[in-house]
Amino acid sequence: MEIKKKDIRALTKEQLRDFFVKQGDKAFRGNQVYEWLWQKSAHNFEDMTNVSKETRQMLEDNFVINHIKVDTMQRSNDGTVKNAVRLHDGLIVESVLIPTTTRTTACVSSQVGCSLDCKFCATARLKRMRNLNPDEIYDQVVAIDNESKLYYNRPLSNIVFMGMGEPLMNYNNVIKAIDKITSPEGLGMSPKRITLSTSGVPKMIKKMADDAVKFNLAVSLHSAIDEVRTTIMPFNETFPLKDLKESLEYWYAKTKRKISYEYVVWKGINDTQKDIDAFVKFCKYVPCKVNIIEYNPIDDGDFQQATNQALEDYINTLEKNRIVVNVRRSRGKDIDAACGQLANKS
Ligand code: SF4
């Protein structure tokens with residue numbers, strides 16, 4: 001019977017050191033291997049050149065490295081790159097590199113599919129198969145960092161958890177991945193350059209505040225009126241705006257960090273003055289900034305980008321109320337890499 005080998009990256013550094021001691025080796029060997037696994041992102045034990053051949057064979061006999069594989073990579077006319085990433089069990093997720101003149105951002109996935117059912121989102125049509133492991137999230141970042149260096153001659157500068165899945169439904173693994181990304185023993189990136197984007201799970205927003213996380217928080221709001229939000233994001237019925245508001249107040253009281261609201265304006269859905277007024281009122285609960293995101297169609301006619309006039313009305317009213325607002329043009333639309341379009345179609 002074949003023995004199922006353990007994923008070596010599921011071990012902490014301490015566990016790896018203990019493993020080597022139990023093998024009659026030095027604990028220090030654990031540090032060396034740990035460095036290969038994370039900082040140097042080794043795909044094979046063979047690559048660990050400062051470890052003896054016998055030790056590499058012993059590792060090979062006991063463990064696997066479940067590294068992701070970039071199955072296909074597509075480049076958009078605007079320079080956006082989309083990776084379809086194959087996981088060790090054959091499932092696929094997508095991640096995206098978004099270059100601008102000043103930064104390169106990785107948009108990474110946290111789940112295979114999604115358990116939530118936002119009506120405007122292509123990922124929602126894929127059943128949630130499983131959560132990603134910390135190393136699978138980490139590997140997506142490493143792959144994009146390498147592509148950034150290759151195509152844009154600079155390392156990755158920012159990360160957003162805005163790909164497939166709701167990151168707060170895979171909280172522990174997302175936090176472990178971020179720990180590795182920010183650790184000097186991993187990629188050493190500043191948490192200030194990382195944004196977790198959630199559809200708004202109040203209990204978990206409070207938990208993040210209690211855990212004193214150092215990264216940024218963005219909330220996909222899209223409506224500040226319960227009835228409207230529930231039609232486009234049905235889980236709003238379980239997590240209504242009142243609870244979301246309370247959790248965001250809690251977040252700000254604890255972290256003193258502004259929240260970003262992601263907001264798409266659709267024709268006939270949330271483009272009236274009543275919608276704008278409700279949003280402005282919501283924005284006043286805690287210090288925030290607003291990203292109005294251009295809508296990316298996903299093959300059905302239910303959702304259409306609002307008129308320019310409706311967008312201007314939003315922007316003007318927000319600005320009149322001294323709320324910082326940015327308009328995000330869509331990137332990578334031609335390769336289905338834009339926000340809400342990730343659906344494993346490539
Ligand atoms: S928008 Fe995000 S939370 Fe909503 S279904 Fe899509 S991936 Fe899930």
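The values are calculated or read from the model by the stated rules, or taken from the named source; none is laboratory data. It should be emphasised that the depicted structure is a prediction, and the values quoted were computed from it without experimental measurement. So basically every Cβ, Gly included, is an ideal-geometry build from the backbone, and we count neighbours across all protein chains shown. Accessible surface areas use protein heavy atoms only, side chains included; no ligands, DNA or RNA. Shrake-Rupley method; radii C 1.70, N 1.55, O 1.52, S 1.80 Å.
Things to note:
- Here the contact order of region 13-78, divided by its residue count and restricted to Cα pairs under 8 Å and six or more residues apart, works out to 20 percent.
- Using a simple spin-label model with pseudo-atoms 7 Å out from Cα toward Cβ, residue 14 and residue 312 lie 6.1 nm apart.
- Residues with amide H under 5 Å from that of residue 126, placed H, sequence gap 5 or more: 114
- Label-to-label distance, nm, for residues given as residue 26 and residue 130 (7 Å Cα→Cβ offset): 3.7
- Mean separation of Cα contacts under 8 Å (6+ apart) over length of the chain, as relative contact order %: 14
- Taking all protein chains together and rolling a 1.4 Å probe, residue 101 ends up with roughly 130 Å² accessible.
- Whole-number accessible area per residue in Å² for the chain, which is evaluated in the context of all protein chains at 1.4 Å: 47
- Rounded if a/c under 1.5, otherwise prolate or oblate - region 1-64, Cα gyration tensor axes: rounded
- Euclidean distance of C-alpha centroids, region 197-250 and region 128-185, integer Å: 22
- Rounded if a/c under 1.5, otherwise prolate or oblate - region 61-215, Cα gyration tensor axes: rounded
- Nitroxide proxy distance, nm - points 7 Å out along Cα→Cβ at residue 256 and residue 62: 4.6
- Considering only alpha-carbon pairs that sit under 8 angstrom and 6 or more positions apart, the relative contact order computed for region 177-284 is 28 percent.
- A Förster radius of 56 Å combined with the Cβ-Cβ distance from residue 102 to residue 53 puts the calculated FRET efficiency at roughly 0.75.
- The chain: C-alpha pair distances exceeding 31 Å, %: 36
- Using the Karplus relation 6.51 cos²θ - 1.76 cosθ + 1.60 with θ = phi - 60°, the per-residue 3J(HN,Hα) values for region 31-45 come to 4, 4, 5, 4, 4, 4, 5, 9, 5, 9, 6, 4, 8, 9, 5 Hz, with x marking Gly and Pro.
- Nearest-20 debye value, the chain charge dipole, Cβ charges on Lys, Arg, Asp, Glu: 920
- For the chain, adding -39500 (n - 2.57) for each run of n ≥ 4 DSSP H residues and dividing by the number of residues yields -10500 deg cm²/dmol at 222 nm.
- Candidate lysines - alpha carbon under 16 Å from residue 192, same-chain residues fewer than 8 apart omitted: 180, 214, 256, 258, 289
- The phi-based Karplus calculation (6.51 cos²θ - 1.76 cosθ + 1.60; θ = phi - 60°) puts the 3J(HN,Hα) values of region 75-83 at 10, 7, 4, 8, x, 5, 10, 10, 9 Hz, whole numbers, x for Gly and Pro.
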